[in-house]
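Just passing along the structure, written as structure tokens.
The values are calculated or read from the model by the stated rules, or taken from the named source; none is laboratory data. Since we're looking at a predicted model, the values are computed, not measured. A quick note on method: Cβ atoms are made from the backbone with ideal geometry, for glycine too, and the neighbour counts reach across all protein chains shown.
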Amino acid sequence: MDTLVFHEKMRALLWSRAAFDECRFHERLWWFCPYKCCLSKSDPGGWCFPPHGWFKFNVSGIVFEGVQGGGGVLRGEAGIVRALFSGPIDAGDSESTELGAIIIALDIIIEIGWKGTGSLIIEIGSREVLSWILEKTKRRWSHQVIFAELERRWSRVGELSFSVTVANGNEMADSLAIAGTNRTSMFKAWW
């Protein structure tokens with residue numbers, strides 16, 4: 001039943017965003033109180049469009065009440081959602097959880113058959129994790145296995161950039177990660 005409700009809320013959110021282009025939503029509120037989630041037109045929100053011709057995969061790994069979850073959403077131009085995931089992540093700390101969410105996003109990109117089909121940005125919430133990705137010398141020894149997995153997938157994807165999100169820029173990914181802490185299995189979808 002939980003999966004059915006999750007699917008329907010996700011479909012309704014995606015439909016609402018597509019049908020009412022001028023409507024902006026507090027995506028975090030969508031899961032708890034959909035009728036209170038509309039933003040005013042003057043509220044800029046936090047998510048920024050990717051550059052022309054690029055795609056952006058916002059990911060989030062969250063440790064919530066001792067349970068780890070991850071979520072992510074792949075968007076193209078005009079903010080159109082192309083893929084998403086939500087579910088538990090087996091990790092010990094918040095940084096490992098964030099890295100696990102990046103690995104899941106890369107797995108989805110590989111499963112889609114991405115290589116060579118466009119430029120991609122993976123946007124995360126942790127400046128520390130970003131510094132580890134960009135500078136190998138800053139990585140913790142305890143995360144070496146995770147980084148080996150990440151780099152193996154990265155080599156299969158092609159052109160890839162990483163960035164840190166602006167305030168509230170990962171709202172939907174954060175919401176999916178929180179929802180993922182309550183799921184028993186990983187939900188992945190793309191179209």
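So for the range 120-130 (the condition being polar (S, T, N, Q) and more than 18 Å from the chain's Cα centre (by Cα)), does at least one residue qualify?
Residues of the range 120-130 that are polar (S, T, N, Q), as a first pass: 126.
Imposing the further condition that a residue be more than 18 Å from the chain's Cα centre (by Cα) reduces the set to none.
No: zero hits.
Among 152, 156, which is the only one that is within 24 Å of residue 113 (Cβ to Cβ) and modelled with pLDDT under 90? Working first, answer last.
Working: 152 fails: modelled with pLDDT under 90.
Answer to the check: 156.
Okay, next question. Which pairs turn up if I take residues in the range 65-86 that are in contact (Cβ under 8 Å) with a residue 60 or more places away in the chain and farther than 11 Å from residue 174 by Cα and look for partners that are of a type in the set (Val, Ile, Thr) and part of a loop (DSSP other than H, G, I, E, B) with beta carbon separation below 6 Å, at least 6 apart in sequence or on another chain?
67/181; 68/89
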